[in-house]
Amino acid sequence: MLLAVVVNRMAVALLTLAGVAVVVFVLLRVVPGDPIAMMISPGASAADIAALKAHYGLDAPLLTQFWIWTKGVVAGDFGTSITLHVYVTEVLASRLPATLELAISALVVAIALGGGVAVAGTLLRRTAGETVIDGLNSILLAVPDFIWALALVLLFAVAIPVLPLTGRIDPALAEGFATKFYLAESILTGRLAVAGNILSHMTMPTLALALPLAAVIVRLLKQSLKEAMVQDYVLLARIKGFRELRLVLQEALRNAVGPTLALTGVQFTFLIGGTVIVERIFAYPGIGNLAIDAVINRDFPLIQGLVLLFGLIFILINIGVDLTVATLNPRLRHA
Amino acid sequence: MSGSRLAVEALSAISLRDGNRPILRRVSLAVDTGEVHGLVGESGAGKSTIARAILGIIPSQVKITGGRIGFEGRDLLTLSPKELRAVLGRDIALVPQDPSTALNPARRIDALMTDGLRLKRGLSMKDARLRAHALLDEVQIRDPERVLGSYPHQLSGGMRQRVLIAAAFGLEPKLVIADEPTTALDVTVQKQILRLIRALQERHGTSVLFVSHDLGAVAKICDRLTVLYMGKVMEQGATAEVLAAPRHPYTRALLAANPRYDRPDTGLEPTPPEVIAALRAEIAAFDVSSEAPPDG
Amino acid sequence: MEHWSATLATSTTDTGPQPPSVAARLAGDPKVVCGGGFILFLIIIAIAAPLVAPQDPLAQNLLMATVPPAGFAEAEPGYLLGTDGLGRDVLSRVILGARVSLTVAFVAAGLACLIGSLLGLLAGFLGDRADAVISRLVDIWMAFPPVLLSILLVAVLGAGLHSVIIAIVVIDWTRFCRVVRIETMAQSQMDYVAAARTIGFSRPAILFREILPNVVPVLIALLTLEMGIAVVVEAILSFVGLSVSSDTPTWGGMIAEGRQIVHEGWWVLAAPLVALFATVVAFNQLGDGLARSLDPVLRR
């Protein structure tokens with residue numbers, strides 16, 4: 001039952017991904033401006049340009065180029081980056097861990113922060129505390145990651161200069177890693193000083209990405225929690241003499257969390273999209289920052305690889321959310 | 001051992017939303033140790049306000065203006081939330097009206113049944129589960145293990161009510177409040193549930209306040225009863241006596257409005273208009289404010 | 001319920017207790033008043049920018065570079081919010097920057113609304129084939145990270161205001177399409193549509209005369225929210241250096257410059273950031289308020 005849904009979703013997702021690939025491929029090539037123009041020196045001869053084009057396969061007809069590229073993708077070869085002169089898959093593999101660590105940290109922070117405030121707001125319902133939370137949140141809901149990132153720069157890099165402004169780790173410490181998952185690896189190997197350094201670099205970008213999502217979670221989860229708190233089963237638990245916090249966490253939360261979870265999934269894809277600009281602001285070496293460079297340099301193979309990667313991440317998140325929602329709802333699980 | 005387990009004394013309440021309309025007018029009733037006490041009246045008579053006042057869950061639009069609720073030598077109305085939480089669950093439990101909404105759909109029956117035992121009786125998880133199993137046995141659930149591993153939506157209405165009864169009595173409370181526990185159930189299931197409550201009550205020596213609008217049900221399981229109309233006690237006494245010779249016209253009207261199992265052709269007669277008019281006049285003459293404490 | 005436009009007209013012939021008119025309800029909503037008030041203020045400032053700006057926003061004066069705002073040590077009179085790294089007056093540049101932001105907000109959001117709504121109406125009303133095609137298109141669109149797609153589009157189209165506007169329209173028409181499609185489907189099920197059908201109205205007539213007016217309240221709220229989004233997207237593209245040329249002041253461009261010299265002159269970053277923040281919040285509050293005030297006419 002559940003499997004059928006997943007398989008169906010996968011099929012649709014692959015179709016969508018194929019559509020994305022075609023759109024990007026065509027878009028990049030039908031409009032003026034190509035990577036060669038960006039890399040040659042002003043005095044290059046027409047013959048040099050033609051040679052370069054031939055070298056990167058950009059002189060073939062559109063359909064042939066697409067065919068070659070598709071064959072490569074199916075075989076796991078996304079081509080070679082024109083500006084970086086390495087395999088696209090290699091570039092992506094070296095940059096993706098940084099973005100994953102950032103995005104997942106931001107998701108965790110957003111859920112903890114948003115969930116905490118939503119629970120607090122539920123405990124404070126019908127008091128001045130709730131009015132304050134609602135009022136503040138309605139403003140925060142409007143603030144995107146871009147504004148947060150720069151506000152944090154003003155706060156933690158200028159007003160209270162405690163956090164490093166750019167990068168992922170102090171270059172001196174970036175030695176001796178077996179993987180590119182610096183944060184996870186340093187924690188797992190017990191190099192806590194290194195982990196602390198990484199965390200201090202990640203704090204601002206993480207918060208910038210997490211805060212907009214936290215605001216969304218607060219609004220929706222608090223609404224659902226308040227609805228759940230007036231249900232009979234909560235009343236009965238109250239009559240068992242349970243404390244208010246237990247009522248919220250044990251009785252209401254699990255029934256209230258469904259819609260929030262579904263929305264958090266959608267919002268997580270927005271968060272991943274937000275890494276593009278946030279990584280740029282903090283010069284964080286992830287795929288988002290890479291994407292801006294790739295676009296500005298018209299690095300066709302790299303752009304195509306990145307877009308497919310982003311599309312794939314989005315699709316995986318959506319499927320993951322569907323599965324989680326289904327698992328948490330006993331009625332769906334036994335249906 | 002005997003004496004009052006629960007003593008509601010001169011309880012008065014008003015509805016803040018409805019122009020301070022009185023909803024309880026100096027209601028007194030006592031539930032003795034080991035007794036099932038029926039609280040009867042039509043909807044809006046104030047039955048559930050009394051039950052809610054005992055449980056400390058009065059809705060915000062209702063205000064208690066006077067009286068006390070004596071339980072174990074203390075006034076429940078004056079307890080702090082913390083003190084009340086200590087009493088609830090351990091000494092007082094509720095069998096709710098609608099079993100379809102009173103069980104948390106996201107939690108399995110074992111979690112629902114053991115959390116009270118662990119938190120209020122200090123049992124370990126393992127002991128609590130054994131106890132839950134025994135309790136389900138006691139309420140004549142055939143396959144306790146299967147039920148413990150089920151979610152509420154997998155059980156029938158009657159089964160759910162049995163689970164709720166088992167959970168209520170399982171904490172060995174001194175007082176169980178049964179709030180219309182059969183109204184949401186099929187007629188055939190109703191009788192079984194009534195018998196079950198009576199059996200558990202006798203076995204555990206629990207006092208029960210049985211709230212109902214159904215005189216037939218009350219007649220079956222209550223030792224004594226209190227008849228309530230528009231927030232005022234109309235009649236009080238041993239069930240058999242009250243039903244055999246109702247002194248008050250409202251009780252007679254209520255009896256006439258209830259289907260009689262012994263005389264299936266009669267019953268469901270509306271309350272005679274002259275009775276209603278007389279009652280209204282009597283209650284209108286009854287001035288609550290003059291009887292409320294000076295600064296209630 | 002009926003048509004909300006009927007309620008808008010003050011001279012309705014209805015008898016009975018009249019609910020407060022839409023105008024009255026809007027005027028009584030603090031979100032609409034505050035949000036709308038600020039936007040109005042901003043529009044006036046933007047139009048009158050050359051008159052309001054205290055200095056020439058383009059005039060460089062390297063001797064007056066990174067002068068702090070009034071009230072700080074070394075502040076210079078006449079430069080209320082200080083100067084940037086090239087000695088240009090920050091306040092004047094923020095005021096002039098409002099022009100680009102608002103232009104993008106109204107033009108891009110308006111066009112996105114027009115295109116998205118039309119497709120949404122078609123999908124929702126025609127159903128079947130048209131719906132399947134348009135819905136799939138929306139799905140494909142949503143699989144792109146919006147920021148990446150906008151940068152991609154502008155890079156492809158070349159930097160400039162037109163490209164920014166096109167990019168926003170191309171990306172965000174889906175927001176309108178999805179909402180309008182669902183609303184149209186819901187409205188199509190209503191009795192008044194069936195009634196119009198039995199009278200023999202043509203399909204376009206039903207679509208534009210019966211269904212569209214009932215979708216409009218939702219659309220207005222969504223349009224306002226989209227304007228806030230457009231302002232941010234423009235700022236992001238300016239920040240990356242892909243919006244209008246650098247001699248036209250934009251908030252995003254100022255933010256990018258400010259980000260570079262944040263340790264020497266934090267105000268160069270702070271001033272446009274506050275302007276951007278206030279504008280985005282104002283559009284959002286206005287949108288929220290509009291949704292709240294217009295919606296009951298439709299449903300309750």
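By how many degrees, 0 to 90 and rounded to 10, does the Cα axis of helix B:109-121 deviate from the longest principal axis of chain B?
That helix lies at roughly 80 degrees to the long axis.
Let's see if you can work this out: charge +1 on each Lys and Arg Cβ, -1 on each Asp and Glu Cβ, no other charges. What is the dipole magnitude of segment C:184-256 about its Cα centre, in debye to the nearest 20? Please report the intermediate quantities before stating the final value.
Details: 3 positive and 5 negative charges, 74 e Å.
Result for segment C:184-256 is approximately 360 debye, rounded to the nearest 20.
If a paramagnetic tag sat 7 Å from the Cα of A:VAL30 along the Cα-Cβ line, which residues of segment C:124-138 would have the backbone N under 16 Å from that point?
C:137
Distance in nm between label sites at B:GLU172 and A:VAL6, each 7 Å beyond Cα in the beta-carbon direction?
Roughly 4.8 nm, to one decimal.
Within a 10 angstrom radius of each residue's Cβ in A:304-312, how many Cβ atoms of other chains show up on average? Whole number is fine.
Values: counts 0, 0, 3, 6, 1, 0, 5, 5, 1.
The mean count of partner-chain Cβ atoms within 10 Å per residue comes to 2.
Given the convex hull over the Cα atoms of chain B, what projected area results after averaging over all orientations, in nm²?
16.6
Report, in order of residue number, the helices in chain C meeting two criteria: a C-alpha extent of 24 Å or more along the helix axis, and a mean Kyte-Doolittle hydropathy of at least -1.0; treat each whole DSSP H run as one helix.
Values: long enough: C:30-47 (25 Å, 2.32); C:90-126 (52 Å, 1.97); C:161-188 (38 Å, 0.96); C:212-240 (40 Å, 2.08); C:266-299 (49 Å, 0.99).
Helices meeting the span and hydropathy rule in chain C are C:30-47, C:90-126, C:161-188, C:212-240, C:266-299.
Partner chain Cβ atoms within 10 Å, averaged over the residues of A:238-251 - can you pull that number for me? Please list the in-between numbers first.
On the way: counts 7, 15, 15, 17, 7, 4, 2, 0, 2, 0, 0, 0, 5, 5.
Average neighbour count from other chains, rounded to a whole number: 6.
Please compute the modelled spin-label separation between A:LEU245 and C:ARG136, points set 7 Å along Cα→Cβ, answer in nm with one decimal.
5.4
Calculate, for C:ASN61 and A:ILE139, the FRET efficiency according to 1/(1 + (r/R0)^6) with r their C-beta to C-beta distance and R0 45 Å; round to the nearest 0.05. Display every interim value, and only then the final one.
Working: r = 37 Å, r/R0 = 0.82.
According to the calculation, E is roughly 0.75.
Only Cα pairs under 8 Å and at least 6 apart count here; give the relative contact order of chain A as a rounded whole percent.
Relative contact order, chain A: 26 percent.
Compute the long axis of helix A:192-229 from its Cα atoms, compare it with the longest principal axis of the Cα atoms of chain A, and write down the angle in degrees, 0 to 90, nearest 10.
Between helix and principal axis, roughly 50 degrees.
Amide H neighbours of B:LEU39 under 5 Å, counting only residues 5+ apart in sequence or on other chains, H built in-plane at 1.01 Å?
Counting only residues 5 or more places away or on other chains, the set is B:PHE210, B:VAL211, B:SER212, B:THR226.
By count of other Cβ within 10 Å, fewest leading, how are A:GLU90, C:GLU234 ordered? Please report the intermediate quantities before stating the final value.
On the way: A:GLU90 13, C:GLU234 30.
In order of increasing Cβ crowding within 10 Å: A:GLU90, C:GLU234.
How compact and how long is the protein assembly as shown, expressed as Rg and Dmax of its alpha-carbon atoms in Å?
Cα only, the protein assembly as shown: 35.2, 118 Å (Rg, Dmax).
Using only Cα atoms, tell me the angle between helix A:2-30 and the longest principal axis of chain A; keep it within 0 to 90° and round to the nearest 10.
Tilt of helix A:2-30: around 40 degrees.
Nearest 0.05, what FRET efficiency do B:ARG146 and B:ARG198 give at R0 = 30 Å with Cβ-Cβ as r? Kindly include the intermediate steps, with their values, before the conclusion.
Details: r = 27 Å, r/R0 = 0.88.
After rounding, the FRET efficiency stands at 0.70.
For chain C, what mean projected area does the convex hull of the alpha carbons give, in nm²?
On the way: hull surface 75.6 nm².
Mean projected area for chain C: 18.9 nm², to one decimal.
What average number of partner chain Cβ atoms lie no more than 10 Å from the Cβ of the residues making up C:270-276? Walk me through the numbers on the way to the answer.
Numbers: counts 6, 0, 1, 6, 3, 0, 5.
Across the residues of C:270-276, the mean count of other-chain Cβ atoms within 10 Å is 3.
Can you list the HN-Hα couplings for segment A:153-162, worked out from phi with the Karplus curve (6.51, -1.76, 1.60; θ = phi - 60°), rounded to whole Hz and with x for Gly and Pro?
4, 4, 6, 9, 10, 10, 5, 10, x, 10
For segment B:234-240, take each phi angle, set θ = phi - 60°, evaluate the Karplus expression 6.51 cos²θ - 1.76 cosθ + 1.60, and give the result in whole Hz per residue in order, putting x for glycine and proline.
Result, ordered by residue: 9, 7, 8, x, 5, 4, 4 Hz.
Each residue of segment A:299-314 in order: what ³J(HN,Hα) in whole Hz does its phi give by Karplus 6.51 cos²θ - 1.76 cosθ + 1.60, θ = phi - 60°, with x for Gly and Pro?
Ordered by residue, 3J(HN,Hα) equals 7, 3, x, 5, 4, 4, x, 5, 5, 4, 5, 4, x, 4, 4, 4 Hz.
If packing is taken as the mean number of other Cβ atoms within 10 Å per residue, what is the order of C:42-54, B:149-161, highest first?
Values: C:42-54: 14.6, B:149-161: 18.5.
Taking the mean over residues of other Cβ atoms within 10 Å, the ranking is B:149-161, C:42-54.
Given H placed 1.01 Å from N in the peptide plane, which residues other than close sequence neighbours of C:ASN61 have an amide H under 5 Å from its amide H?
C:GLY87, C:ARG88
List every residue whose amide H lies under 5 Å from the amide H of B:GLY237, counting only residues 5 or more places away in sequence or on a different chain, with H placed 1.01 Å from N in the peptide plane.
B:LEU225
Calculate the spin-label point distance for A:LYS53 paired with A:SER200, positioning each point 7 Å from the Cα along the beta-carbon direction, and give it in nanometres.
5.2
What full-extension length gain, to one decimal in nm, is calculated for A:THR166 and A:GLU90 as 0.36 nm per residue of separation minus the Cα-Cα distance? Write out the running numbers ahead of the final one.
Details: separation 76, 0.36 × 76 = 27.36 nm, distance 2.37 nm.
Roughly 25.0 nm would be gained on extension.
FYI, it's all coordinate maths here, none of it is from the lab. The structure displayed is predicted, hence computed values, not measured ones. Glycine gets a Cβ as well: all are built from the backbone with ideal geometry, and neighbour counts include every protein chain shown.
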